[in-house]
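J.: Handing you this structure, nothing more for now.
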Amino acid sequence: MERKFITYFEEQGNDYTDDLISAVKDKLESSGDIKRILIASSTGESAMKLYGALEDEDVEIINVTHHMGFKEDNVADISDEMIKKLEDVGIKTYIGAHAFSGAARGVTNKYGGFSPLDVVADTLRMFSHGIKVSAEISIMAADAGLVPVGEKIIAIGGRGKGVDTAVILTPVNAKNLFDMKFHEIIAMPKD
Ligand SMILES: Cc1cc2nc3c(=O)[nH]c(=O)nc-3n(C[C@H](O)[C@H](O)[C@H](O)COP(=O)(O)O)c2cc1C
C-alpha cells in the first residue's frame, strides 16, 4: 500500500499553470521512471513554460495542439514561430484529429444527437476537463507514434487556456480505448 498526496486547485483556470508545473516537477523527481510528458498546449505557451521548469531533467516533452481549422479554416492555434521555438528545445508539436471528436463531430453537427465518444469525453470531464484532455491527447500521440503504448507517461491538460490537471497514465491506441490505465492523479481542480 502507498499513501500519496494530490494537489487540488480551487477552480478550473489559467492561474494554476505555474503551480501545476511545479507539482509535475516534484512528481517527476520522486517517481524516477517517467521518460515522457505530454502536454495539451494550443498556443505552445504552457509547453514552453513546462520546458523552462524541466530544462535540466532527463525527460522528453511532446506538445499536442488543436487540429487545423479548430477556430478558422486552414489556421492552426499555434504559430509557426512557436512550433520552431519548441522544436529548437527538443519539443515536437502534434496537430491532428481529436481522438474524442474527429469526424464524429461532423456527423453530430449535421444530423444532431451524440456519438458514443461524447459520452466517454463527458464522463471523464466529471473529474475535470483536464482529465478528459489528458486521455485524449495520449491516444492522439500514441496513434501518431509519438509515445509508445504500454509505458507510463505524465499527461497534462486544462480548461481552455493554461493547464490545471496532470496524471500518470499508460497510453493506448484509439482501438484499445478502454485499456487505458490512469495510475495517479498528480493535480486537478476541485470544482
Ligand atoms: C486535443 C485537445 C483537446 C482539448 N479539449 C479540451 C476540452 O475538452 N475542454 C477544455 O476546457 N480544454 C480543452 N483543450 C485545451 C487544453 O486542455 C489546454 O487548456 C490548452 O490547450 C492550453 O493551451 P495554452 O498553453 O495555449 O494556454 C484541449 C486541447 C487540445 C490540444
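J.: Expressed as a whole percentage, what fraction of the accessible surface of segment 81-191 belongs to carbon and sulfur atoms when a 1.4 Å probe is rolled over the protein heavy atoms? Please list the in-between numbers first.
T.: On the way: 3050 of 5430 Å².
Carbon plus sulfur share of accessible area: 56 percent.
J.: Quick one: of 25/152; 84/181; 35/84; 71/190, which pairs are farther than 25 Å apart, Cα to Cα? Please list the in-between numbers first.
T.: Numbers: 25/152 16 Å; 84/181 33 Å; 35/84 22 Å; 71/190 29 Å.
Cα-Cα > 25 Å for 84/181; 71/190; rest within.
J.: Next up: Using a Gaussian network model of the chain whose springs link C-alpha atoms within less than 10 Å, name the residue from 30, 46, 128 with the highest mean-square fluctuation.
T.: Checking each option, the largest mean-square fluctuation is seen for 30.
J.: Tell me the chymotrypsin sites (Phe, Trp or Tyr not before Pro) within segment 1-52 that lie in a loop according to DSSP and have at most 12 other beta-carbon atoms within 10 Å. Please report the intermediate quantities before stating the final value.
T.: Numbers: sites: 5, 8, 9, 16, 51; in loops: 5.
Counting only loop positions with at most 12 other Cβ atoms within 10 Å, the chymotrypsin sites (Phe, Trp or Tyr not before Pro) in segment 1-52 are 5.
J.: Tell me, what is the per residue accessible area of the chain in Å², probe radius 1.4 Å? Present the calculation step by step, with values, prior to reporting the outcome.
T.: Values: 10300 Å² over 191 residues.
On a per-residue basis, the chain sits at 54 Å².
J.: A follow-up question, please. I'd like the trypsin sites (Lys or Arg not before Pro) in segment 38-84 restricted to DSSP loop residues with at most 11 other Cβ atoms within 10 Å, sorted by number. Walk me through the numbers before you get to the answer.
T.: Values: sites: 49, 71, 84; in loops: 71.
Answer by residue number: 71.
J.: Which shape class, rounded, prolate or oblate, goes with segment 130-191 when its Cα gyration tensor gives a ≥ b ≥ c as root eigenvalues, a/c under 1.5 marks rounded, and past that a/b bigger than b/c marks prolate?
T.: Details: a/c = 2.10, a/b = 1.67, b/c = 1.26.
Verdict is prolate for segment 130-191.
J.: Something else now. Which of 147, 107, 167 moves the most in a Gaussian network model of the chain with Cα springs under 10 Å?
T.: Sorting by GNM fluctuation, first place goes to 107.
J.: Kirkwood hydrodynamic radius, computed over distinct alpha-carbon pairs, for the chain: how many Å, to one decimal? If you can, show how the numbers build up before the last one.
T.: Values: mean 1/r = 0.0599 Å⁻¹.
The answer is 16.7 Å.
J.: I'd like the GluC sites (Glu not before Pro) in segment 27-103 restricted to DSSP loop residues with at most 15 other Cβ atoms within 10 Å, sorted by number. Each step should come with its number before you reach the end.
T.: Numbers: sites: 29, 45, 55, 57, 60, 72, 81, 87; in loops: 55, 57, 72.
Counting only loop positions with at most 15 other Cβ atoms within 10 Å, the GluC sites (Glu not before Pro) in segment 27-103 are 55, 57, 72.
J.: Need the C-alpha centroid separation for segment 102-158 versus segment 38-56, integer Å.
T.: 20 Å
J.: Determine the dipole magnitude for the chain: charges of +1 sit on the beta-carbon of Lys and Arg, -1 on that of Asp and Glu, nothing else is charged, the reference point is the Cα centre, and the result goes in debye to the nearest 20.
T.: Dipole size: approximately 660 debye.
J.: Could you work out how far apart the two model spin labels at residue 118 and residue 70 are, taking each label as a point 7 Å from the Cα in the direction of the beta carbon, and quote it in nm?
T.: 2.0 nm
J.: Tell me whether segment 6-52 comes out rounded, prolate or oblate; compute the Cα gyration tensor, take square roots of the eigenvalues as a ≥ b ≥ c, and use a/c under 1.5 as the rounded threshold.
T.: Working: a/c = 2.22, a/b = 1.20, b/c = 1.85.
Oblate, because a/c is 1.5 or more while a/b does not exceed b/c.
J.: Name the most mobile residue of 118, 77, 56, meaning the one with the largest mean-square fluctuation, in a Gaussian network model of the chain with Cα contacts below 10 Å.
T.: So, out of 118, 77, 56, the one fluctuating most is 56.
J.: Could you tell me what percent of the accessible area of segment 1-69 is made up of carbon and sulfur, with a 1.4 Å probe and every protein chain present? Before the final figure, lay out each step's value.
T.: Working: 1670 of 3940 Å².
The value for segment 1-69 is 42 percent carbon and sulfur by accessible area.
J.: Would you please report the Å³ per residue occupied by the convex hull of the alpha carbon atoms in segment 122-162? Could you put the intermediate results ahead of the total?
T.: Working: hull volume 3.4 nm³, N = 41.
Taking only Cα atoms, segment 122-162 has a hull volume of 82 Å³ per residue.
J.: Counting helices only, and only those DSSP H runs with n ≥ 4, report the 222 nm mean residue ellipticity of the chain as the sum of -39,500 (n - 2.57) divided by its residues, in deg cm²/dmol to the nearest 500.
T.: Working: 6 runs with 69 residues, N = 191.
Helix-only estimate at 222 nm: -11000 deg cm²/dmol.
The values are calculated or read from the model by the stated rules, or taken from the named source; none is laboratory data. What you see is a predicted model, and the numbers here were worked out from it, not measured in a lab. All Cβ positions, even for glycine, are placed from backbone atoms using ideal geometry, and neighbour counts span all protein chains on display. Note: accessible area is taken over every heavy atom of the protein model, side chains too, but ligands, DNA and RNA are not part of it. Shrake-Rupley method; radii C 1.70, N 1.55, O 1.52, S 1.80 Å.
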